[in-house]
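Here the structure comes first, spelled out in structure tokens, and everything after it is commentary.
The values are calculated or read from the model by the stated rules, or taken from the named source; none is laboratory data. The shown structure was predicted, so the numbers you read here are calculated from the model rather than taken from an experiment. Here Cβ is always computed from backbone atoms with ideal geometry, including for glycine, and neighbour counts include all displayed protein chains.
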Amino acid sequence: MSYMMPPPTQTRRYSEVHHPLQQSAPTAQPPHDVSFPFPPTAPLPDISHVTSAYTTDDSYAATGMAGDVSIGAPPFFGWQVYNIVPLNQLRKKLAKNSKGPPPKASVLAAVLSWEQQETSKGLITQVVLMDDTSQSVTLVLWKAAGVEITKAIRRGDIIYAEALKVSEFNKVLQLTFNERDSTLGICWRTYVDDPDDEAYRFHHAWRGQMPQVDAVLKQAEWFAKWSDRV
């Protein structure tokens, strides 16, 4: 069992047969094109009439074209922007459910740091997240979930995590990952060190077509500016 979603630029078929942490390379070419015939600072191409079959092709291996420029395959995200709770709204969400069971939330945020510690209840992993509201919160994972996820994440990654329990511990807000219900996916890798990291990158031009891409890139751009200041 994996607690992680596949990388956004994997095809569905690829993600079904390859664990997201698997080290061996796939036999097929990855569905994204990471080489572009124009510099990163060039204006983004108009993709209002993108030629792509990704809405009907279950493999999501189609490649978009803006004129004669390839922008690679569209990323796949299995979540909707309207489900995201900004981190600065978590306390309000908790207050509304003060007399009931702890509420659950889905968040989109940058990874700042993490640490692990052995306790009487087992290994606890605490991941510090921050989003573009400048609010930080600790995500708590226990045992195998924390082990798997910390092997995959890096500082600066933009992650989406769903079905997280919202609570307070010693008056400090925290999110708890539930091994039965919660999942986590890396949506964008800020620091690319090797070719495998490109599975967590996609062309910025897709943001005009996909609200999830726009939401992810807004967090990535915010983190880049924030990290330059600290």
Can you name the residue in segment 201-230 that is of a type in the set (Gly, Ala, Ser) and within 23 Å of residue 139 (Cα to Cα) and, of all such residues, is farthest from the chain's Cα centre (by Cα)?
227
Residue 76, sole failed condition from (1) within 18 Å of the chain's Cα centre (by Cα); (2) within 24 Å of residue 180 (Cα to Cα); (3) not in a loop (DSSP other than H, G, I, E, B)
(3)
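Given the options 168, 198, name the one that is in a strand (DSSP E or B), modelled with pLDDT under 95 and either of a type outside the set (Val, Ile, Thr) or over 14 Å from residue 139 (Cα atoms) (or both).
Details: 198 fails: in a strand (DSSP E or B).
Only one candidate passes the filter, namely 168.
Scan 61, 144, 109, 95 and give me the residue that is assigned to a helix (DSSP H, G or I), aliphatic (A, V, I, L, M) and either surrounded by 15 or more Cβ atoms within 10 Å (Cβ to Cβ) or at pLDDT below 95 (or both).
95
Just name the residue that is modelled with the lowest pLDDT out of those in segment 201-230 that are part of a helix (DSSP H, G or I) and basic (Lys, Arg). Can you show your working first?
Restricting attention to segment 201-230, the residues satisfying the condition of being part of a helix (DSSP H, G or I) are 204-208, 211-229.
Cutting the leftovers down to basic (Lys, Arg) gives us 207, 218, 225, 229.
Numbers: 207: 94, 218: 98, 225: 97, 229: 91.
Filtering segment 201-230 for residues that are part of a helix (DSSP H, G or I) and basic (Lys, Arg), the one modelled with the lowest pLDDT comes out as 229.
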Residue 179 fails exactly one of (1) modelled with pLDDT of 95 or more; (2) within 26 Å of residue 7 (Cα to Cα), namely (1)
Could you please let me know if residue 129 is assigned to a strand (DSSP E or B) and either among the small types (Gly, Ala, Ser) or free of Cβ contacts under 8 Å to residues at least 60 places away in the same chain (or both)?
yes
In segment 189-230, the residues that are among the hydrophobic types (A, V, I, L, M, F, W, C), within 19 Å of residue 10 (Cα to Cα) and free of Cβ contacts under 8 Å to residues at least 60 places away in the same chain:
192, 217
Can you work out which of the residues in segment 195-230 that are β-branched (Val, Ile, Thr) and within 22 Å of residue 84 (Cα to Cα) is surrounded by the fewest Cβ atoms within 10 Å (Cβ to Cβ)?
213
